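Participant: Okay, handing you the structure first.
The values are calculated or read from the model by the stated rules, or taken from the named source; none is laboratory data. As the structure is a computational prediction, the values presented were derived from the model and not from experiment. Because the Cβ atoms are built from the backbone with ideal geometry, glycine has one as well, and the counts that use them run over all protein chains shown. Heads up: the accessible areas ignore ligands, DNA and RNA and are worked out on the full protein's heavy atoms, side chains in. Shrake-Rupley method; radii C 1.70, N 1.55, O 1.52, S 1.80 Å.
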Amino acid sequence: MNFPDFYEQAPVVQTRDPFAATLGAAHGGLLDYHYVDAVRLAGHSCPTVAGAYLIGRAALRALYPDEPAERGSIAVHMPAPENEGTTGVMAQVLTLLTGAAADNGFHGIQGRFRRTGLLSFADEREGEAILFKRLDTGVGVAVELDVSLVPGDPAQSGRLAAILQNRADDTIRSAFAEAWQARVRRLLLEFADDPRVIRVTPL
């Protein structure tokens, strides 16, 4: 695959999806998600995509500490409207990991396996924490992301300006891409379990 090697070194999110098991889509319904799955979904790799991936991982580990998370049995609430900033991008990654979908999700079969309505958005900004709740137990967590501890290359703004103004040569473009992914790499491999970057609070 034409991806940076560190994608496969990133943490794996383990889930079990009863609907997948019922349909025979995965043996035992076990679905492991890798960072590259989020990249394929989003079409790019950035701190937002990586951050959403790590937020989902942290939430599922907190809600299901001793077993794979049950995909499709978790409600997710985003703290901002879906069209604000990167909220929609993050929500898509969280749908991938949790199965929680907005009004366009699967409606279920005779009351089972429903995904629609499990993902909700605030009408206006409510803070930074994304809320996750198990449907079976009602246990929930709030998860926040702070990437300020993973600074980028200060030369990036100049490189990006050159790219957007169509005056960047191959050297500048290559330097920008390498520095961009270097920050994503640090976030995924060095800070995935850092509570200063990924803050989990029980509800």
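Participant: Sorted by accessible area (1.4 Å probe), largest first, how do Leu187, Leu23 line up? Can you show the working numbers first?
Facilitator: On the way: Leu187 5, Leu23 115 Å².
So the residues, ranked largest to smallest area, are Leu23, Leu187.
Participant: Using label points projected 7 Å from each Cα along Cα→Cβ, tell me how many nm separate Ser148 and Ile163, to one decimal.
Facilitator: The modelled label-to-label distance comes out at 2.5 nm.
Participant: In the range 170-203, which trypsin sites (Lys or Arg not before Pro) are in a loop and have at most 15 other Cβ atoms within 10 Å, using DSSP for the loop call?
Facilitator: Arg196
Participant: Using θ = phi - 60° and the Karplus form 6.51 cos²θ - 1.76 cosθ + 1.60, what ³J(HN,Hα) does each residue of the range 75-88 get, whole Hz, x for Gly and Pro?
Facilitator: Residue by residue, the range 75-88 yields 9, 10, 10, 8, x, 8, x, 5, 9, 8, x, 9, 4, x Hz.
Participant: Let me ask something else. Just flag the trypsin sites (Lys or Arg not before Pro) in the range 1-72 sitting in loop per DSSP whose Cβ has no more than 12 other Cβ atoms within 10 Å.
Facilitator: Details: sites: Arg16, Arg40, Arg57, Arg61, Arg71; in loops: Arg71.
The qualifying sites: there are none.
Participant: Another question, if that's okay. Keeping all protein chains in place, calculate the accessible area per residue for the range 1-146 (probe 1.4 angstrom), answer in Å².
Facilitator: For the range 1-146, the per-residue accessible area is 49 Å².
Participant: With all protein chains present, how much of the accessible area of the chain (probe radius 1.4 Å) comes from carbon and sulfur, to the nearest whole percent?
Facilitator: Details: 5470 of 10810 Å².
That share works out to 51 percent.
Participant: Just need the relative contact order of the chain here, percent rounded to a whole number, with Cα pairs under 8 Å and 6+ apart. Provide the component values of the computation, followed by the final result.
Facilitator: Values: 336 pairs, mean separation 44.7, N = 203.
Over the chain, the number comes to 22 percent.
Participant: Right, next: Could you grab the relative contact order for the range 68-136? Cα pairs under 8 Å, six or more apart, rounded to a whole percent.
Facilitator: Values: 121 pairs, mean separation 32.5, N = 69.
That works out to 47 percent.
Participant: Which log10 I(q)/I(0) values, to two decimals, does the range 1-75 give at q = 0.11, 0.16, 0.27 Å⁻¹ under the Debye formula with one point per Cα?
Facilitator: The Cα Debye sum returns log10 ratios of -0.30, -0.63, -1.24.
Participant: Further, regarding this structure: Quote the FRET efficiency, to the nearest 0.05, computed for Glu67 versus Ala177 with a Förster distance R0 of 25 Å and r equal to the Cβ-Cβ distance.
Facilitator: Details: r = 39 Å, r/R0 = 1.55.
E(calc), rounded to 0.05, equals 0.05.
Participant: Among [x] 103; [y] 152; [z] 141, which one is volume of the Cα convex hull per residue in Å³ computed from these coordinates?
Facilitator: [z]
Participant: To the nearest 10 square angstrom, how much accessible area does His34 have with a 1.4 angstrom probe?
Facilitator: Counting only protein heavy atoms, His34 exposes about 60 Å² to solvent.
Participant: Show me the ranking of peptides 122-128, 141-147 by mean Cβ neighbours inside 10 Å, starting with the highest. The partial results should precede the final answer.
Facilitator: Values: 122-128: 11.9, 141-147: 18.7.
Put in order of decreasing packing, that is 141-147, 122-128.
Participant: Now, a different point. Between 0 and 90 degrees, rounded to the nearest ten: what's the tilt of helix 47-63 against the longest Cα principal axis of the chain?
Facilitator: The answer is roughly 30 degrees.
Participant: Please give the net charge around Gly105, taking every other residue with its beta carbon less than 13 angstrom from that of Gly105, where Lys and Arg add +1 and Asp and Glu add -1.
Facilitator: Values: positive: Arg71, Arg114, Arg115; negative: Asp103.
With Lys, Arg at +1 and Asp, Glu at -1, the neighbours total +2.
Participant: Quickly work out the Phe106-to-Leu135 label distance, labels modelled 7 Å from Cα along the C-beta direction, and quote it in nm with one decimal.
Facilitator: Reported label-point gap for Leu135 and Phe106 is 1.1 nm.
Participant: Roughly how far apart, in whole Å, are the Cα centres of the range 114-177 and the range 17-60?
Facilitator: Cα centroid to Cα centroid, the span is 16 Å.
Participant: For Thr201, Thr15, what's the largest-to-smallest order of accessible area, 1.4 Å probe? Please list the in-between numbers first.
Facilitator: Numbers: Thr201 70, Thr15 0 Å².
Largest accessible area first, the residues go Thr201, Thr15.
Participant: Using θ = phi - 60° and the Karplus relation 6.51 cos²θ - 1.76 cosθ + 1.60, list the HN-Hα couplings for the range 144-161 in order, rounded to whole Hz, with x at every Gly or Pro.
Facilitator: 10, 10, 9, 8, 5, 7, 10, x, x, 5, x, 7, 5, 4, x, 5, 5, 4
Participant: If you don't mind, there's one more thing I want to ask. Among Leu189, Leu30, what's the order by accessible area (1.4 angstrom probe), most exposed first? If you can, show how the numbers build up before the last one.
Facilitator: Details: Leu189 55, Leu30 100 Å².
Descending order: Leu30, Leu189.
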